[in-house]
Amino acid sequence: MSTTKPSLPKGTRDFGPIQMVKRNFILSTIKETFQKYGFQPLETPSMENLSVLMGKYGDEGDQLLFKILNSGDFLKNVDKETIDIGSKGILSKISEKGLRYDLTVPFARYVAMNHHELNFPFKRYQIQPVWRADRPQKGRYREFFQCDADVVGTDSLICETEIILMISEILDHLKISGYTIRINHRKILSALASVCGGEGLENDFCIAIDKLQKIGKEKVLDELKTKGFSASKLDSIFPILESNEGIPAILEKIEEVIAISEPGMEGLADLSKILDILNKYDSKFSNLVIDPSLARGLSYYTGTIFEVTLDDGSMGSLSGGGRYDDLTGVFGVPGIPGTGFSLGVDRIYDVMEARDLFPEKTSETSQVLFSFFDKESQDYCLPILSKLRKAGINAEIYPDLNKIKKQLAYADRKNIPFVIIVGDDEIKSGEVTIKNMISGEQERCTIREIVSKLKIPS
């Protein structure tokens with residue numbers, strides 16, 4: 001039998017123990033914040049029926065879905081005429097399921113299937129991997145975790161406000177600085193498109209201005225003009241799209257341009273109300289901006305939209321989200337509005353790693369290792385090890401009969417901060433030697449003293 005060189009699929013990563021401890025530090029911070037704000041956990045299957053996934057992310061999203069071949073002879077229903085149609089004709093014959101592309105559509109499917117049993121407003125958080133057949137690059141993977149929090153069954157703008165509070169609390173707790181929370185409203189985007197002569201062309205308008213930072217003003221203008229937008233009217237709105245003025249000034253300028261649009265003014269009123277609610281929470285955000293060029297989630301967001309970016313541009317967005325009026329409508333259950341956001345754990349991890357933001361304690365697994373000289377002292381360690389674990393202390397014993405030097409090297413490589421050393425003297429005295437692996441200091445202690453020394457306050 002031939003051997004195969006092990007490899008990973010492009011766009012995926014292994015996470016060893018050190019990396020997993022760091023990831024868990026991020027995830028526990030996120031979970032604790034979600035739960036603090038009243039969100040409950042939910043999980044959905046890794047795969048969904050393609051009928052659930054297809055058509056929810058636009059044509060590009062459909063192309064990026066990982067499809068799962070039907071089990072058994074997946075080609076049994078494919079004849080020559082079907083093959084001649086091409087890949088789209090074949091797909092329905094060979095694949096019925098796909099890996100989930102995000103957590104929002106599976107959540108909408110769950111709500112549609114269970115809405116009679118749910119307690120509305122329903123607040124859920126979900127932390128699971130998603131898959132996209134995208135081109136791998138820095139900060140972009142084919143398999144990655146998303147952390148979503150959504151509230152459905154309410155129109156209250158308190159929900160948008162608490163999203164801003166949660167984003168800020170999570171990133172601040174992780175000590176990620178230099179970020180900006182950008183917010184906008186889909187009705188403002190629609191109004192701006194209409195002002196420029198693009199009635200009914202909102203998607204074309206949004207797709208173009210979303211490229212403003214990447215390709216620049218002139219190319220965006222050229223793209224919009226070819227779509228039929230008025231050149232002179234575009235010139236009048238670009239000062240707003242490129243503005244970096246404070247919130248009061250930008251709101252005033254937006255109002256001047258879209259005052260004739262009733263829906264646009266509704267969107268502007270929503271943003272003003274969110275800011276007012278934030279003030280009532282006694283929360284002030286120097287890193288919150290109104291960005292009228294922000295366009296995302298064109299296929300389902302209908303109200304406020306959010307995006308979190310790093311000011312140094314070293315990474316793509318860390319978080320994004322928005323309000324949707326009728327996401328469950330595509331599953332035959334209309335009239336359930338909601339709002340939510342997603343955090344990109346993998347990008348947050350990469351930022352924290354690059355900036356050396358992880359606390360040292362996250363590299364610890366066990367607090368203490370039991371080390372011994374012979375079989376008798378190994379046996380002596382076992383009941384003590386059990387007592388420490390019952391006291392809530394992460395502890396382990398070196399499993400093999402080896403030299404003390406090798407046991408200490410094991411603890412050092414694993415970043416275990418304390419080693420309890422047991423030999424004949426310790427057995428006779430009833431005390432053990434505890435070595436601080438960082439300072440190198442050693443002292444003799446009773447078991448009770450060790451428990452007191454190592455026990456983490458609850």
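Just list whichever of K22/K414; K217/K273; K375/K405 have alpha carbons separated by over 23 Å in the model shown.
The pairs that break the limit, which is 23 Å between Cα atoms, are K217/K273.
Provide the per-residue ³J(HN,Hα) series for the range 40-46, in order, calculated from phi with Karplus coefficients 6.51, -1.76, 1.60 and θ = phi - 60°, each as a whole number of Hz, with x at glycine and proline positions.
Running phi through 6.51 cos²θ - 1.76 cosθ + 1.60 with θ = phi - 60° gives 10, x, 8, 10, 10, x, 5 Hz.
How high is the FRET efficiency between D400 and S230 when r is their beta carbon distance and R₀ equals 60 Å, given to the nearest 0.05? Present the calculation step by step, with values, prior to reporting the outcome.
Details: r = 79 Å, r/R0 = 1.31.
The calculated FRET efficiency here is 0.15.
Restricting to DSSP H runs of at least four residues, report the calculated mean residue ellipticity at 222 nm for the chain, -39500 (n - 2.57) per run over all residues, nearest 500 deg cm²/dmol.
It comes out at -12500 deg cm²/dmol, rounded to the nearest 500.
Give the relative contact order (percent, whole number) for the range 297-403; include only Cα pairs under 8 Å separated by 6+ residues. Mind dumping the intermediate values first?
Numbers: 128 pairs, mean separation 18.1, N = 107.
With pairs under 8 Å counted, the relative contact order is 17 percent.
DSSP loop chymotrypsin sites (Phe, Trp or Tyr not before Pro) in the range 306-354 with at most 10 other Cβ atoms within 10 Å of their Cβ, which ones? All intermediate terms of the calculation are to be shown ahead of the outcome.
On the way: sites: F306, Y324, F331, F341, Y349; in loops: none.
Filter output for the range 306-354: empty list.
Quick one: check the C-alpha center-to-center distance for the range 222-283 versus the range 154-209, whole angstrom.
Result: 11 Å between the Cα centres.
Let's see if you can work this out: charge +1 on each Lys and Arg Cβ, -1 on each Asp and Glu Cβ, no other charges. What is the dipole magnitude of the range 17-354 about its Cα centre, in debye to the nearest 20?
On the way: 38 positive and 49 negative charges, 188 e Å.
The dipole magnitude comes to about 900 debye.
Suppose the chain between M20 and A391 were pulled fully straight at 0.36 nm per residue; how much longer would it get relative to their current alpha carbon spacing?
Values: separation 371, 0.36 × 371 = 133.56 nm, distance 2.44 nm.
Result: 131.1 nm gained on full extension.
What is the extension gain from A354 to N114, computed as 0.36 nm multiplied by their sequence separation minus the C-alpha to C-alpha distance, in nm to one decimal? Working shown, then result.
On the way: separation 240, 0.36 × 240 = 86.40 nm, distance 4.23 nm.
Value of the extension gain: 82.2 nm.
Computed from these coordinates, which is semi-axes √(5λ) of the Cα gyration tensor in Å: (i) 36, 33, 21; (ii) 51, 30, 21; (iii) 41, 28, 23?
(ii)
What aspartates and glutamates sit close enough to K123 to cross-link, taking a C-alpha to C-alpha distance under 15 Å and skipping anything fewer than 8 places away on the same chain?
In chain and number order, the partners are E32, E43, D148, D150, D155, E160, E162.
I'd like to know how the range 364-454 sits against the 2.2 N^0.38 Å rule of thumb: what's its Cα Rg over that expected value? Don't skip to the answer; put the middle values down first.
Numbers: Rg = 11.7 Å, N = 91, 2.2 N^0.38 = 12.2 Å.
Expressed relative to 2.2 N^0.38 Å, the Cα Rg reads 0.96.
Set Lys and Arg Cβ to +1 and Asp and Glu Cβ to -1, take the dipole of the chain about its Cα centre, and tell me which of T29, V308, L388 lies farthest positive.
L388
Treating only the Cβ of Lys, Arg, Asp and Glu as charged (+1, +1, -1, -1), what charge dipole size does the range 91-205 show about its Cα centre? Round to the nearest 20 debye.
Values: 15 positive and 15 negative charges, 118 e Å.
Taking the Cα centre of the range 91-205 as origin, the dipole is about 560 debye.
How high is the relative contact order of the chain, given as a whole-number percent (alpha carbon pairs under 8 Å, six or more residues apart)?
On the way: 719 pairs, mean separation 68.7, N = 458.
Relative CO of the chain lands at 15 percent.
Need the full-extension length gain, S7 to R448, defined as separation in residues times 0.36 nm minus the C-alpha distance. One decimal, nm.
On the way: separation 441, 0.36 × 441 = 158.76 nm, distance 4.89 nm.
Net length gain for the segment: 153.9 nm.
Set the Förster radius R0 to 56 Å, insert the Cβ-Cβ distance between N436 and D312 as r into 1/(1 + (r/R0)^6), and round the FRET efficiency to 0.05.
Details: r = 39 Å, r/R0 = 0.69.
Approximately 0.90, to the nearest 0.05.
If you take the beta carbon distance between Q213 and S51 as r and set R0 to 35 Å, what does 1/(1 + (r/R0)^6) give as a FRET efficiency, to the nearest 0.05? Don't jump to the answer; show the numbers that get you there.
Numbers: r = 36 Å, r/R0 = 1.03.
After rounding to 0.05, the efficiency reads 0.45.
Bear in mind that the values in this text are calculations on the coordinates, not laboratory data. Since the structure is predicted, the reported quantities are computational estimates derived from the model, not experimental observations. A quick note on method: Cβ atoms are made from the backbone with ideal geometry, for glycine too, and the neighbour counts reach across all protein chains shown.
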